[in-house]
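Single-structure report; data block below.
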Amino acid sequence: MIAALFVAKGGVYWDRPDVDPWDESRDARLYAGPHPVVAHPPCSRWCQLAHVNQKRYGHKVGDDGGCFAKALVAVNRWGGVLEHPAFTYAWAAFGLPDPGPGWQRVQADDESSPDLKAWTCQVSQGAYGHPARKLTWLYYVGAAPPPPLDWSVPEPTAQVSFCKNHGNSPLPRLSKKAAKATPAPFADLLISIASSAAPSGRRGGEG
């Protein structure tokens, strides 16, 4: 069993016998184990546009109600994988190094189970069916090394924004819902990665 944290009700993780989904109504910040997790903490306060949003709407950068922090605690304690947009400010805020090509070993915050190791990488969700490039950073904690991924970055057929940081692309813009959606093959990948993490009984008490 895998716990999917901070996911949309009725989304790609819903109605699966191997997944315990935590949508907004369940408040994934309260997750206390025992299953490995796939964590999708909200990113609007951490993404590349976070400073623009702060200036325009007053939404303080990093003020996500503790969601990323709790997701990180869950992954470090129970094993699994956390995903966030590439170049997220959360990585530096929580002491995670920016990933380069392929999986890279990093230091996990929770050392209660020294046999669990942490890894990070960058991957394109476009390689797993998303119409945009949607570069994504992953943070994995488990006893086994993470599997090799498809490191390709296919040419996109759509974009997630018309903002200047995306250039003057003629590609159609996706709706917010479509842009945020996790492709089913990518969700399957994250579930399989989390399933290779350490058994839940090897983690400490509640966070």
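In what order, largest first, do S169, S44 sit by accessible area if the probe radius is 1.4 Å?
On the way: S169 35, S44 65 Å².
Sorted by accessible area, descending: S44, S169.
Order the following by accessible area, largest value first: W14, W22, W137. Probe radius 1.4 Å; ligands, DNA and RNA are ignored. Intermediate results must be reported in sequence, preceding the final value.
Details: W14 60, W22 35, W137 5 Å².
Ranked list, largest accessible area first: W14, W22, W137.
I'd like the accessible area for D27: 1.4 Å probe, protein heavy atoms, all chains in place, Å² to the nearest 10.
40 Å²
Probe radius 1.4 Å, ligands and nucleic acids left out: which of F186, F87 has the largest accessible area, and how do the rest follow? Before the final figure, lay out each step's value.
On the way: F186 0, F87 105 Å².
Of F186, F87, the descending order of accessible area is F87, F186.
List the residues whose amide H sits under 5 Å from the amide H of I2, counting only those 5 or more places along or on another chain, with H placed 1.01 Å from N in the peptide plane.
The answer is V19, D20.
Step through the table entries K70/K180; K9/K117; K9/K70; K117/K177, compare each Cα-Cα distance with 27 Å, and write down the pairs that go over it.
Working: K70/K180 21 Å; K9/K117 31 Å; K9/K70 20 Å; K117/K177 34 Å.
Those over the limit are K9/K117; K117/K177.
The values are calculated or read from the model by the stated rules, or taken from the named source; none is laboratory data. Computed from a prediction, not measured in an experiment: that's the story for all the values here. Keep in mind that these areas ignore ligands, DNA and RNA; they rest on the heavy atoms of the full protein, side chains included. Shrake-Rupley method; radii C 1.70, N 1.55, O 1.52, S 1.80 Å.
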